[in-house]
Amino acid sequence: MRSGSRGMAAVPLLLALAATAPVAGAVPASAGIARQAAAVSYERGPAPTLAGIRAARGPFTYSTVAVSAAATGGTFGGGTVYYPDDTTQGTFGGIAVSPGYNAPESKVAWLGPRLASQGFIVITITTKSLTDQPTARGQQLLAALDYLTVRSPAAVRQRLDAARLAVSGHSMGGGGALYAAWTRPGLKAAVPLAPYHTIKNWSGITVPTLVQAGSQDTLTPPGTFAEPIYQSLTGARERAYAEFAGAAHPTFTGENAGIGALEVAWLKRFVDDDARYEQFLCPAPADPGLAEYRDSCPSA
C-alpha cells in the first residue's frame, strides 16, 4: 500500500541551510541498482519464517564486549557490542541503537541479542548525558558506528561490513536516528521507535526508514510525532509506518515479538538487501497487534 502523504511545514533554518542536506523528494542514483536485490544481496542465515523473526533469538550465537566511555574518545558514553560468532558466511551489517530521554542503555538492551542473533553487529549505547536532546543522540549514534568501523576490537571489525550500517533508537533516541539518517545518507536503514523530535519535516531523508509507534503512547502521541514524521518522509527510497494497538511509550523498551519482527525484517531487507524478507513487509504484515500499517512496498 502506498501513502499519498506529502511533506509538512518547511524544515527549520538549521536544516534548510545545511550544505549536506539531501534534496526533498530526491532519489539516490544507486536506488535503481539497490532495487535489483538479486544482484546485490548479503543473505545471512536460513530461509526466514514469520516464527523465526518473531522469536527473541535468531539462528546465530553471539558474543558481547563492553565499551567504556574512555574507549570512545568522549564521542558517546560507552555501551555494549553484540556480534555473531560465525565467520563462515562473510561480514555482517552494523546497527547502533540509542535509548531515550533520562533512559539508560538497558532500555534498548533487548535489541542487542535479538538483532545479533539474526546476523547483525549491534552497539547499544549509553549517551553522554541522560538528558541529551535528539540531535546530540543522533551525533552519538554516528560516533558509535564510527567506533565499530575504526576502534572496536579486531574480532568485531573483522566481521563488520563498514558499508552496511544502520541506526535505531527509542523516543529521543528515535529522534536521534532520524537526525543520523538525514546527516549520513549513506546509511542503509533507520528504525525510530516511538520517536520524539521537535522537527517534524524529514523530507530530506533518503534512507529507507521504518517508523514504529504505539496507539496508547501518551508521551509521544502518534498523531503528534510518529505519523507526521512518517508522512514527511517523501524523499526516502522506502518508508513504512507501523502502529501497535495498546502499545504505550515503555512498550518499546522491552522484548516484543511484533516490534522486534518488523525491525529484523526491515534491517534484513535494506542492510542486507535480502529480498527474502520482503514478504514480511509487503503486503502489510498479518499481525493482529497492528492497529495501522502503511508502507511504500519495498522494491514494488
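Annotations
- Restricted to the range 126-189, the set of helices (runs of 4 or more DSSP H) holding at least 1 residues that are under 28 Å from Ala247 (Cα atoms) and among the polar types (S, T, N, Q) comprises 134-150.
- Only one of the listed residues (Ala242, Ala291) is over 17 Å from the mean Cα position of the chain (by Cα), assigned to a strand (DSSP E or B) and farther than 28 Å from Thr91 by Cβ. That residue is Ala291.
- Residue in the range 52-60 that is within 25 Å of Pro250 (Cβ to Cβ) and among the β-branched types (Val, Ile, Thr) present: yes
- Among the residues making up the range 62-100, those that are among the β-branched types (Val, Ile, Thr) and either assigned to a strand (DSSP E or B) or surrounded by 24 or more Cβ atoms within 10 Å (Cβ to Cβ) (or both) are Thr64, Val65, Val67, Thr80, Val81, Ile95, Val97.
- Within the range 208-228, the set of residues being among the aliphatic types (A, V, I, L, M), within 17 Å of Ala166 (Cβ to Cβ) and either touching a residue at least 40 places away in the same chain (Cβ under 8 Å) or surrounded by fewer than 24 Cβ atoms within 10 Å (Cβ to Cβ) (or both) comprises just one member, Leu210.
- Residues of the range 253-266 that turn out to be assigned to a helix (DSSP H, G or I), out of contact with any Ser or Thr (no Cβ under 8 Å at 6 or more places or on another chain) and crowded, with 18+ Cβ neighbours inside 10 Å, as a count: 8
- Scanning the range 267-279 for residues that are of a type outside the set (A, V, I, L, M), closer than 14 Å to Arg239 by Cα and buried (at least 24 other Cβ atoms within 10 Å of the Cβ) returns Arg269, Phe270.
- Pairing residues of the range 149-166 that are over 13 Å from Tyr42 (Cα atoms) with residues that are outside any strand (DSSP E or B) and among the charged types (D, E, K, R), at Cβ distances under 6 Å and at least 6 apart in sequence or on separate chains, gives Ala166/Lys188.
None of the figures in this text is laboratory data; all of them are computed from the coordinates on show. Just so it is clear, the structure is predicted and the values come from calculations on it, not from any experiment. Note: ideal-geometry Cβ built from the backbone for every residue, glycine included; neighbour counts use all protein chains shown.
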